[in-house]
1. Determine, for each peptide in 125-138, 150-163, 271-284, the mean count of other beta carbons within 10 angstrom over its residues, then list the peptides with the highest first.
2. Let's test the formula: R0 of 51 Å, r as the Cβ-Cβ distance of residue 281 and residue 79. What FRET efficiency results, to the nearest 0.05?
3. Label-point separation (nm) for residue 62 and residue 245, each offset 7 Å from Cα along Cα-to-Cβ?
4. Ranked highest first by the average count of other Cβ atoms within 10 Å around their residues, in what order do 289-298, 247-256 fall?
5. Out of all DSSP beta bridges with both ends in region 42-206, state the antiparallel percent to the nearest 5.
6. If you find the alpha carbon centre of region 177-194 and of region 230-303, how far apart are they in angstrom?
7. Could you check the simple spin-label distance between residue 260 and residue 290, using points 7 Å along Cα→Cβ, in nm with one decimal?
8. Is region 42-206 rounded, prolate or oblate when judged by the Cα gyration tensor, a ≥ b ≥ c being the square roots of its eigenvalues, rounded requiring a/c under 1.5 and prolate requiring a/b larger than b/c?
Ligand code: NAP
């Protein structure tokens, strides 16, 4: 049997605490997908651009009812996917979706959230976001939404490109920021998470703060490198190595995302600036190290020429020795030039916190 959480008791505000699914009373504390088996949700996607449509296809495929609303008119695209499109946010909210799934750009999210006619929704609505930064939507939701609303912050760590062949094994990060501890609310949140479980995602429960720390050190750096390499204008060559091919792929993947998304990763993740500084620093250190070698080599050559001129009577054997020396040991690595590992950096960071000053 296929049941909608909204349809179980007629109103999402008056869920019965003991929902029976397949003859079993649901346990609100159960965190597995079993509880949400066969529960179909009414999900309203707000922000029906690239990523919103990408998610909608899978959600519809799994039998949930999907509504959508966006700034632009996507009625045609929505129809093709099997989504009911609304060009008016009031009309959308009056449909009383159980879940509002926010897929807006990071930069526009606050504006969109504040303009949503939340008063037209049922009090118990579950708000979910998929923004690529997590602390920002978490605090925005906590600030803007009445306390009766549930909050689930998520980040599918893939996109239309990386997920085009399926979502199997791809990471899905989530933080149940506020899910009321009654079985109906828990079931609904699990039913939503089940969409990603069923698609085979690797489910990673993590706080929004931890997500942003990890994402700045991985996702932001990836996008940054892609953008930098794109600026250089890398070209296909007849002798591409495997490594070079992966750089070309990186440029291709990152360039397809909007610059607004990239800017959002930077502006709305407080850890991104630190990573940018580290990259800057590492680049300078490596450049210095390379020019250090060069400098040392040139200096030795100059010295050799001088000594050679002074000692015009050197035997051939002694001269060869000098030449060999030029090819031999590079300058000793200067410890200050070695780029610290993320772990070293982390420790330094901890210290800063312990001492309470920068
Ligand atoms: P995006 O450029 O970050 O966002 C596009 C969406 O934002 C569209 O729905 C657009 O609406 C809306 N939007 C932009 N400016 C707006 C404004 N001023 N007012 C109202 N709406 C506005 O591209 P995206 O790839 O679709 O990403 C959407 C969200 O998903 C982002 O938060 C992103 O971090 C997250 N995400 C993306 C990926 C990915 O691979 N793309 C992966 C994981 C998470 P209109 O089209 O109607 O203008």
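Throughout, read-outs are computed from the coordinates displayed, never taken from laboratory work. None of these values were measured; they are calculated from a predicted model. Virtual Cβ from ideal backbone geometry, glycine too; neighbours counted across all protein chains shown.
1. Ranking the peptides 125-138, 150-163, 271-284 by packing returns 125-138, 150-163, 271-284.
2. Efficiency at R0 = 51 Å is approximately 0.50.
3. Computed distance between label sites residue 62 and residue 245 equals 3.4 nm.
4. The peptides rank, most packed first, as 247-256, 289-298.
5. The antiparallel fraction comes to roughly 15 percent.
6. Between the Cα centre of region 177-194 and that of region 230-303, the gap is 43 Å.
7. In this crude label model, residue 260 to residue 290 measures out at 3.7 nm.
8. Cα axes put region 42-206 in the rounded bin.
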